[in-house]
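Have a look at the structure below before the remarks.
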Amino acid sequence: MGGSSPCASCKLLRRRCAKDCVFAPYFPPDDPHKFAIVHKVFGASNVSKMLQELPVHQRSDAVSSLVYEANARMRDPVYGCVGAISFLQNQVSQLQMQLAVAEAEILCIQMQQNEQAAAGLPTTQISMDDSDERSRLLSTGNSISSNFMSNQFPAQYGLQGFGNSSSASSVVMIQDPLKRESLWT
């Protein structure tokens, strides 16, 4: 680096920062925590070897990945970032199942509406703004994912929930909400 303050890695390792220091472009002196966590998980020697084996244009991405993986490993020493990935994959799977159930319920309601219209019976409108009505319409009796209505992520992964969106509004025509048939019961 020459002339200015040493990079974060040389400062932490208490050595002189050379002009051709492999760490200097990726671990600036104003962010010492970034190198400290990577050093604690992977070791300075291993990180240096990894960076020297990569082409220069890929090193920045590699450092970003190492920092992410080191942070994940510090939060979850057993699974690291694989734990966060597995958690998110399971959540996607459960949300896809919940979406399929909701789509099946909508189809059921539409079929009942069509049957009722063909029979000449009056229909009632229910606003989907009311969260009690929405949960009653979309409930399946076996509560596929009660945890996912609140979208709470484990704090150890540093992820934030998406929250419930009650801004969407739609109107559904149904025959009688108490006599609604479910595909799952």
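Laid out as a table, the results:
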{"read-out": "Peptides ranked, highest mean first, by Cβ atoms within 10 Å: ranges 102-109, 85-92", "value": "102-109, 85-92"}
{"read-out": "Average accessible surface area per residue within the stretch 6-68, 1.4 Å rolling probe, Å²", "value": "62"}
{"read-out": "Pair S65, Q94: separation of 7 Å Cα→Cβ label points (nm)", "value": "3.0"}
{"read-out": "Quotient of C-alpha Rg and 2.2 N^0.38 Å, computed over the stretch 1-75", "value": "1.02"}
{"read-out": "Accessible carbon and sulfur surface of the stretch 1-110 relative to its total accessible area, %, 1.4 Å", "value": "56"}
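The values are calculated or read from the model by the stated rules, or taken from the named source; none is laboratory data. All values reported here derive from a predicted model rather than from experimental measurement. Note that each Cβ is placed from the backbone with ideal geometry, even for glycine, and that neighbours are counted across all protein chains shown. Areas reflect the complete protein model, heavy atoms only, side chains present, ligands, DNA and RNA absent. Shrake-Rupley method; radii C 1.70, N 1.55, O 1.52, S 1.80 Å.
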